[in-house]
Amino acid sequence: MPLNYLIFDTSDDGEGTGTWDAMASVRASQLPEVMEEVQSVLAWVERHSPGPRGPLDEGGAWDADQLVQTEGDWTTVTLTITGPWAWGEALVAHFTG
């Protein structure tokens with residue numbers, strides 16, 4: 001499924017772990033479509049999990065956090081995923097080609 005709303009921003013800690021922020025800012029009428037994309041991304045990461053989900057400093061192999069903020073007519077959705085670099089890059093490649 002190609003993403004129409006979420007845009008990935010990537011950062012590397014230099015030690016093999018990365019952070020991928022998938023973000024979209026939309027009007028209320030588009031929010032259901034964005035949330036469908038979020039669920040699609042989460043389904044992929046769970047299906048291709050590199051190990052147990054949880055905070056990396058507590059032994060998790062990957063983790064994800066979702067934030068939804070509304071300001072005026074706009075809602076910003078941020079899905080932050082952390083985990084092994086190669087795994088995260090495969091995630092981005094899957095959704096962005």
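The values are calculated or read from the model by the stated rules, or taken from the named source; none is laboratory data. Source: prediction; values computed, not measured. All Cβ positions, even for glycine, are placed from backbone atoms using ideal geometry, and neighbour counts span all protein chains on display.
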(message) Looking at (1) surrounded by 15 or more Cβ atoms within 10 Å (Cβ to Cβ); (2) out of contact with any Pro (no Cβ under 7 Å at 6 or more places or on another chain); (3) without any contact (Cβ under 8 Å) to a residue 60 or more places away in the chain; (4) in a strand (DSSP E or B), which one does residue 63 not meet, given that it meets all the others?
(response) (2)
(request) Scan region 66-89 for residues that are of a type in the set (Asp, Glu) and assigned to a helix (DSSP H, G or I) and jot them down. (result) 89
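Quick grid of which residues meet (1) touching a helix residue (DSSP H, G or I) at 6+ places or on another chain (Cβ under 9 Å); (2) in contact (Cβ under 8 Å) with a residue 12 or more places away in the chain; (3) among the polar types (S, T, N, Q):
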{"site": "2", "(1), (2), (3)": "yes, yes, no"}
{"site": "53", "(1), (2), (3)": "yes, no, no"}
{"site": "69", "(1), (2), (3)": "no, no, yes"}
{"site": "89", "(1), (2), (3)": "no, yes, no"}
{"site": "94", "(1), (2), (3)": "yes, yes, no"}
(message) Any residue that is touching a His at 6+ places or on another chain (Cβ under 8 Å) and not small (Gly, Ala, Ser) - is there at least one of those in region 44-63?
(response) yes
(message) I need a count of the residues in region 66-96 that are among the aromatic types (Phe, Trp, Tyr) and loosely packed, with under 15 Cβ neighbours inside 10 Å.
(response) 1
(request) Mind listing whichever residues of region 29-57 are at pLDDT 95 or above, over 18 Å from residue 7 (Cα atoms) and either of a type in the set (A, V, I, L, M) or in a helix (DSSP H, G or I) (or both)? (result) 29, 46, 47
